[in-house]
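The values are calculated or read from the model by the stated rules, or taken from the named source; none is laboratory data. Small disclaimer: the values here were computed from a predicted structure and weren't measured. Note: ideal-geometry Cβ built from the backbone for every residue, glycine included; neighbour counts use all protein chains shown. The area values use the complete protein model at the heavy-atom level, side chains included, leaving out ligands, DNA and RNA. Shrake-Rupley method; radii C 1.70, N 1.55, O 1.52, S 1.80 Å.
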Amino acid sequence: MSSAAGQRCWGWLAAGRASRRLVLVVVFIALLLDNMLLTVVVPIVPTFLYTTEYKGPSSSDAQAQTELAPPASKAPPSSFVFSYFDNTTVTVLGSLSTVGLGNSTESRLPPQPHTSSPPSPGSCLEGEEFLDEENVRVGLLFASKALVQLLVNPFVGLLTNRIGYHIPMFIGFTIMFFSTVMFAFSGTYTLLFIARALQGISSSFSSVAGLGMLASVYTDDFERGNAMGIALGGLALGVLIGAPFGSVMYEFVGKSSPFLVLAFLALLDGALQLCILQPSKISPESSKGTPVSTLLRDPYILIAAGALCFSNMGVAMLEPTLPIWMMQTMCSPKWQLGLAFLPASISYLIGTNLFGILANKMGRWLCSLIGMAVVGISLLCVPVAKTIYGLIGPNAGLGFAIGMVDSSMMPIMGYLVDLRHTSVYGNVYAIADVAFCMGFAIGPSTGGAVVQAVGFPWLMVIIGVINIAYAPLCWYLRSPPAREEKIAIISQECPMQTKSYTTQKTLQDLPLCGGSNVEAEDVE
């Protein structure tokens, strides 16, 4: 009986390793956990740094306030000041034992005047200068992940060409587990910064290897678009769950709790990768991929990468600046800081799954063009909101539009490589991830400084106008020429020997001239 059960188990594993759907499940879960960790820190870090590092008004200010207070008769020598997180300050004079003893009385000063009425928008939190500085520090902390990922991506692309996708995927899981545990037990800004940078390394391995693996498994362009849409649905679901999950757990359980839950889920993901992907197996690509430098000279790949960068830069700028702006202008409690991103996450999840199928029918270039325009309009509407309910519409439009762009551009990157270069996908998805990371590196790092200089509304205007201005460039992706088409045109106008860049898929239906195949063979 045990031998039969073991045979069935091995048979299931063998079938799973040959199944494209299980590979898609592995990539989906890896992107889900990576982006949960990406966004779970968004509502936690600003309030955590405020509560741990802001010391309140200086002692000289407190002494000046006590000198201005009217003296009470028979005032006792001791006084106590209680300062709460919501900035309610109550000054109590006298001991607790003076109530009801003979003719002795209880002497108590009234609360500060601003606590008796609703706070004005500009006085929700103490320490305006501290919050302005925190905009920059939180932005740099969030950007550290993308900066590190930006540096590591090209090396991961080369590594996948040499040893395949399975081992880099497992390396990404291992580093993400240690990063998550470090987040759970970090109590200073420096340790949080290091944990965020480690997450950048793990994201580079997971995203480049995962997307490249999907592109190599799903060779048909229509199937690849659907698979990319589902995988990006995992990314969207991680963004959807991360911020609300982090804010609620931090408010009611504690800072470490959301990270420990993510660490446990990461262990389950590692066990699944061990069963399905065989990360000890080296499987290099059968053909040499196009160098990154050659891909970066392709204008069509650069346009697609730019669309990914600028569309995601908008939400990247919102992550460090929107919670602090809400704390200053809306007096929002901690649990609302994460829920503000919920409409964007839900609409992103809908957009990626919907346009993974529709984009192929309506044209991926048109889907991206409309998406970038809607991103810009949504960002322009964010500063108009006066309450958290006013953020629902702009954030929902922002998430839906970014889902349109991402679900269109990721398959286009693979299609451009098939059409114009060698069908090896590690390097091109390294470029796509670099573009994504540039948005999340430039956005938070510059967003805090721009807010400090000109204010949050002008930041939204700047990035919104940039997205609207970039949108028309997506028109050039409507019908990109194949490499063989260019050679055919050149050979018809001026007969000369040219070098042919062939893909793994033969493109015999293209209008090649009579002797082009012979010339290509002579060159090789």
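So, in the range 206-255, of the ones that are more than 21 Å from Ser179 (Cα to Cα) and outside any helix (DSSP H, G or I), which residue ends up least open to solvent (accessible area, probe 1.4 Å)?
Of everything passing the filter in the range 206-255, Tyr218 is least open to solvent (accessible area, probe 1.4 Å).
Could you list all residues from the range 320-346 that are outside any helix (DSSP H, G or I) and among the aromatic types (Phe, Trp, Tyr)? Even if it seems obvious, please write down each step before you answer.
Of all residues in the range 320-346, those outside any helix (DSSP H, G or I) come to 330-333, 340-341.
Correct list: Phe341 only.
Anything in the range 325-356 that is more than 30 Å from Asn226 (Cβ to Cβ), crowded, with 24+ Cβ neighbours inside 10 Å, over 15 Å from the mean Cα position of the chain (by Cα) and modelled with pLDDT under 80? List them, or say none.
Matches in the range 325-356: Leu337 only.
Are any of the residues in the range 228-235 of a type in the set (A, V, I, L, M, F, W, C), over 23 Å from Val27 (Cβ atoms) and under 20 Å from the mean Cα position of the chain (by Cα)?
Checking the range 228-235: not a single residue is of a type in the set (A, V, I, L, M, F, W, C), over 23 Å from Val27 (Cβ atoms) and under 20 Å from the mean Cα position of the chain (by Cα).
Checking Trp365 against (1) buried (at least 18 other Cβ atoms within 10 Å of the Cβ); (2) over 29 Å from Ala482 (Cβ atoms); (3) more than 18 Å from the chain's Cα centre (by Cα); (4) not β-branched (Val, Ile, Thr), which single condition isn't satisfied?
(2)
Tell me the residue from Ala396, Ala441 that is modelled with pLDDT under 85 and of a type in the set (Gly, Ala, Ser), please.
Ala441
Does Ser445 qualify as being assigned to a loop (DSSP other than H, G, I, E, B) and farther than 18 Å from Trp365 by Cβ?
Judged against the criteria, Ser445 is not a match.
Any residue in the range 457-476 that is open to solvent by 40 Å² or more (accessible area, probe 1.4 Å), modelled with pLDDT under 85 and either touching a helix residue (DSSP H, G or I) at 6+ places or on another chain (Cβ under 9 Å) or more than 20 Å from Met413 (Cβ to Cβ) (or both)?
Within the range 457-476 (the criterion being open to solvent by 40 Å² or more (accessible area, probe 1.4 Å), modelled with pLDDT under 85 and either touching a helix residue (DSSP H, G or I) at 6+ places or on another chain (Cβ under 9 Å) or more than 20 Å from Met413 (Cβ to Cβ) (or both)), the answer is no, since none of the residues qualifies.
Please find, among Thr160, Thr174, the residue that is touching a residue at least 12 places away in the same chain (Cβ under 8 Å), open to solvent by less than 10 Å² (accessible area, probe 1.4 Å) and in a helix (DSSP H, G or I). So that I can check it myself, show each step before the final result.
Numbers: Thr174 fails: open to solvent by less than 10 Å² (accessible area, probe 1.4 Å).
So the residue among Thr160, Thr174 that is touching a residue at least 12 places away in the same chain (Cβ under 8 Å), open to solvent by less than 10 Å² (accessible area, probe 1.4 Å) and in a helix (DSSP H, G or I) is Thr160.
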